[in-house]
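K.L.:
Would you mind keeping the following structure in view while I ask a few things?
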Amino acid sequence: MSEITRPLTPQACTLVIFGGSGDLARRKLVPAVYNLLLDGVLPDNYAVLATGRKPLSDADFRETAREGIAKYSRQAIKDSVWSHFEQRLFYVSGAIDDPKAYTDIRARLERIEAALKLPANRIFYLAIPPTSIAAAVEGLQKAGLVQPPTDPTQFSRVIVEKPIGNDLASAREINTTVARVFDESQIFRIDHYLGKETVQNLLVLRFANSIFEPIWNHKYIDHVQITVSEAEGVGTRATYYEEAGALRDMVQNHILQLLCLVAMEPPYSLDPDVVRNARMEVLRCLRPIAGKDVEKYTVRAQYSVGKVHGVDVPGYRREAGIKPDSTTETYVALKLFVENWRWSGVPFYLRTGKALTKRASEVAVHFKEIPQILFNADPEVPLASNVLTLKIQPDEGLSFRIISKVPGSKAKTHPVEMNFRYGEAFGAPSPEAYERLLLDVTAGDASLFMRRDAVEASWAWITKILDGWKAYGTKWLPEYAAGTMGPVEADRLIQSDGRNWHPL
Ligand SMILES: NC(=O)c1ccc[n+]([C@@H]2O[C@H](COP(=O)([O-])OP(=O)(O)OC[C@H]3O[C@@H](n4cnc5c(N)ncnc54)[C@H](OP(=O)(O)O)[C@@H]3O)[C@@H](O)[C@H]2O)c1
C-alpha cells in the first residue's frame with residue numbers, strides 16, 4: 001500500500017469545544033477523538049476541554065461522553081483505553097456572552113496544560129449557534145486566548161461549523177467577525193462532506209489513475225448528476241430548517257463542494273492552498289442562475305403526506321414547528337453549467353431533498369453514447385451509456401456500468417455493473433469524516449476545509465437563485481409525496497433534455 005504523504009504532522013494540543021454539552025459534541029466530536037486514539041493517530045499528548053451553559057462536572061461530562069461513544073462510535077469502548085481517555089476529558093461551564101466564562105476557560109486550560117505538560121496549542125471548536133460566533137471569538141480575544149499565527153511556540157486555531165450565514169451578506173458578516181480575531185491561516189471552516197472517505201477518493205480516483213483524466217471532459221462526458229437524498233423529514237430541526245431550506249442546507253456547501261471535486265483541474269501539488277485554489281476556480285466558472293432563469297434551471301418543492309420505509313410522514317407544513325403556510329423548500333433540483341474549456345456544454349444536474357425514498361449520496365458521471373452502428377444500430381433499442389457512480393453514503397464505494405455480451409449464440413448485449421465497496425476491499429468501516437477533519441486541524445492542514453473566498457463565492461451564486469425565487473416565486477410550491485424521489489417537475493427538468501435521473 002502506498003501512503004499519501006501528509007505535508008504536516010499532528011501536534012500536541014487541547015481541543016476546546018464550545019457547545020461541549022450539545023448534540024454535535026456527543027454524537028460526533030468526542031467519539032471522533034476517541035477513535036483517533038484507538039487508531040493510534042492522535043498526537044501523543046492531548047486534552048479535550050468542553051464548555052457549555054449546563055453546570056456539569058468533569059465526572060458528569062465523562063459519563064455523557066462515554067454514553068455518546070457507546071452509542072455513536074465507529075469502534076466499541078475498550079475499558080483499558082477508556083480509563084486513559086477519560087482522564088483527558090474536562091468540562092467548564094459558562095455562557096458565551098459572559099466574560100467570566102473566558103477567564104474560567106483560561107484558568108482551566110492553564111491548569112490542564114501544566115498538569116499534562118501540554119504546550120499552549122489550542123483548537124477552539126465553535127459547535128454553537130451561528131448567532132453566538134461573534135461573542136465567542138471576541139470573548140477569546142479579550143481573555144488573551146488567541147495567539148498570533150506567527151508565534152512559533154504555540155498555535156491558536158478555530159473551527160467554525162456550518163451554517164456560515166444564510167446568504168452572502170450574513171456569511172460575509174460572520175467571516176469578517178472571525179477575521180477580526182483570527183488570521184485566515186488559523187480558521188478551519190468545516191464541511192464534513194469533505195472529510196468523507198469517498199469524497200477524498202474522488203481526487204485519488206481522478207488523479208492517481210491514468211484512465212480517467214484523458215476522458216474527464218466535454219468530449220467524453222455527456223452530463224453529471226449529483227444526488228444527496230435523505231429519507232428523514234425535518235425531524236427536530238424545524239426552527240433551523242424553516243429558515244434554511246434544501247438549497248442553503250445542502251447545495252450551498254456539500255453539493256457545491258462535491259461539484260468542485262468532480263470538475264476541478266488537476267492541482268500541481270497537494271499543498272492545501274493549491275488544492276483549494278483548484279476547487280475555487282470551479283466556483284468562479286459557475287454560470288449564474290439569476291432572475292427569470294430560476295424558472296428554467298431550478299425546481300423547488302415540499303413533501304406532502306406519504307410513507308417513508310412504511311412509516312407515515314405528515315406533509316412538511318403539518319410537521320411540528322413548521323408554519324402552515326411555509327414556502328421553505330424541502331427539495332431542490334438544479335441544472336447548471338461550469339463555463340470553462342473542460343466542461344463546455346456539459347450539464348450538471350443536482351438534486352437533494354428530505355423525506356425521499358432512501359438515504360443516499362452519489363455522483364453519477366454519464367459518458368456519451370457510442371455511435372449508432374454495430375451494437376447500437378437499432379434506434380428503437382439504444383444502448384445504455386457507461387456510467388461511473390461514486391457512492392458517498394451509505395455504501396461507500398464506486399460502480400461502473402459497462403455493456404457486456406449476454407452469453408449465448410445471439411449477439412445480445414446487457415449493461416452490467418462492476419462494483420467496488422470500501423468495506424469489502426479494505427475490510428474495515430471507513431473513519432468518520434469528523435475523525436479525519438479533527439486530525440487535520442491538529443496538523444494545521446486546511447486542504448479539506450472551506451476558505452473564505454470559496455464560502456463567499458458559493459453564497460454569491462446561491463444568493464442569486466434565492467433572489468430569483470423571491471422575485472418570481474409562487475405562493476405554493478409543487479409537492480411530492482413523502483417516500484418518493486421528488487416532484488414531477490424535477491423529472492421534467494432532466495427529461496426535457498432527453499435524460500433521466502440515475503436510479504439510486
Ligand atoms: N448536530 C449536528 O449533527 C450538526 C451538524 C452540522 C452542524 N451543526 C452545527 O453545530 C452547531 C451546534 O449544533 P448542535 O446540534 O450540537 O446544537 P445543540 O445540541 O443545540 O447544542 C448547542 C450547544 O451550544 C451551547 N450553547 C448555546 N448557546 C450558548 C451560550 N449562549 N453560551 C454557552 N453555550 C451555549 C449549548 O450549551 P448548553 O446546552 O449547555 O446551554 C450546547 O452545548 C450548530 O451551529 C449546528 O448548526 C450541527
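The values are calculated or read from the model by the stated rules, or taken from the named source; none is laboratory data. Bear in mind the structure is a predicted one, so any value in this text is a computation, not a measurement. Backbone-built Cβ (ideal geometry, glycine too); neighbour counts: all protein chains shown. These area figures cover heavy atoms from the full protein model, side chains too; ligands, DNA and RNA do not enter into them. Shrake-Rupley method; radii C 1.70, N 1.55, O 1.52, S 1.80 Å.
K.L.:
Can you tell me which residue is farthest from V199 (Cα to Cα) among those in the stretch 210-242 that are of a type outside the set (S, T, Y) and part of a strand (DSSP E or B)?
P.N.:
Here the answer is D222.
K.L.:
Now for a different question. From the set of residues in the stretch 171-209 that are open to solvent by less than 10 Å² (accessible area, probe 1.4 Å), within 16 Å of the ligand (Cβ to nearest atom) and in a helix (DSSP H, G or I), which is nearest to R122 (Cα to Cα)?
P.N.:
V178
K.L.:
Are any residues in the stretch 363-396 out of contact with any Leu (no Cβ under 8 Å at 6 or more places or on another chain), in contact (Cβ under 8 Å) with a residue 24 or more places away in the chain and within 25 Å of W343 (Cβ to Cβ), and if so, which ones?
P.N.:
Within the stretch 363-396, H366, K368, L383, A384, S385, V387 qualify.
K.L.:
From the set of residues in the stretch 50-67 that are part of a loop (DSSP other than H, G, I, E, B) and open to solvent by less than 80 Å² (accessible area, probe 1.4 Å), which is nearest to the ligand (Cβ to nearest atom)?
P.N.:
L56
K.L.:
Here are T474, T463, T484: which of them is more than 27 Å from the chain's Cα centre (by Cα) and either among the hydroxyl-bearing types (S, T, Y) or at pLDDT 95 or above (or both)?
P.N.:
T474
K.L.:
Further, regarding this structure: Can you tell me which condition Y125 does not meet? The list is (1) hydroxyl-bearing (S, T, Y); (2) farther than 17 Å from L29 by Cβ; (3) touching a residue at least 12 places away in the same chain (Cβ under 8 Å), and all the others hold.
P.N.:
With respect to (1) hydroxyl-bearing (S, T, Y); (2) farther than 17 Å from L29 by Cβ; (3) touching a residue at least 12 places away in the same chain (Cβ under 8 Å), Y125 is out only on (2).
K.L.:
To continue, here is another question. Kindly evaluate A70 against the criterion of being at pLDDT 95 or above, within 29 Å of the chain's Cα centre (by Cα), away from the ligand (no atom under 16 Å from the Cβ) and in a helix (DSSP H, G or I).
P.N.:
The answer is yes for A70.
K.L.:
Do you know which residues across the stretch 106-133 are near the ligand (Cβ under 9 Å from one of its atoms), assigned to a loop (DSSP other than H, G, I, E, B) and open to solvent by less than 40 Å² (accessible area, probe 1.4 Å)?
P.N.:
A127, I128
K.L.:
Quick one: how many residues across the stretch 10-24 are β-branched (V, I, T) and assigned to a loop (DSSP other than H, G, I, E, B)?
P.N.:
Residues meeting the conditions: 0.
K.L.:
Further question: What number of residues within the stretch 453-500 are within 15 Å of E329 (Cα to Cα) and in contact with a Gly (Cβ under 6 Å, 6 or more places away or on another chain)?
P.N.:
5
K.L.:
Using the structure shown, decide if A136 is open to solvent by less than 30 Å² (accessible area, probe 1.4 Å) and within 12 Å of the ligand (Cβ to nearest atom).
P.N.:
When the stated conditions are applied, A136 passes them.
K.L.:
Which residue out of A47, A32 is closer than 17 Å to R157 by Cα, touching a Leu at 6+ places or on another chain (Cβ under 7 Å) and of a type in the set (A, V, I, L, M, F, W, C)?
P.N.:
Checking each option against the conditions leaves just A47.
K.L.:
Follow-up. As an exercise: evaluate G165 against (1) open to solvent by less than 40 Å² (accessible area, probe 1.4 Å); (2) of a type outside the set (A, V, I, L, M, F, W, C); (3) touching a Ser or Thr at 6+ places or on another chain (Cβ under 9 Å); (4) within 16 Å of the ligand (Cβ to nearest atom) and give the number of the one condition it does not meet.
P.N.:
(3)
K.L.:
Still on this structure: How many residues does the stretch 80-105 hold that are in a helix (DSSP H, G or I) and either open to solvent by less than 30 Å² (accessible area, probe 1.4 Å) or away from the ligand (no atom under 16 Å from the Cβ) (or both)?
P.N.:
10
K.L.:
K142 - would you say it is within 13 Å of the ligand (Cβ to nearest atom), of a type in the set (K, R) and open to solvent by 10 Å² or more (accessible area, probe 1.4 Å)?
P.N.:
no
K.L.:
Still on this structure: Of everything in the stretch 437-456, what is part of a helix (DSSP H, G or I) and crowded, with 21+ Cβ neighbours inside 10 Å? Give them in sequence order.
P.N.:
L437, L438, L439, D440, V441, T442, A454, V455
K.L.:
Sticking with this one: Can you pull out every residue in the stretch 321-345 that is open to solvent by less than 10 Å² (accessible area, probe 1.4 Å) and over 24 Å from the mean Cα position of the chain (by Cα)?
P.N.:
Matches in the stretch 321-345: S326 only.
K.L.:
Please state which one of V305, V311, V282, V262 is hydrophobic (A, V, I, L, M, F, W, C), surrounded by fewer than 13 Cβ atoms within 10 Å (Cβ to Cβ) and either without any contact (Cβ under 8 Å) to a residue 60 or more places away in the chain or within 23 Å of V228 (Cα to Cα) (or both).
P.N.:
V311
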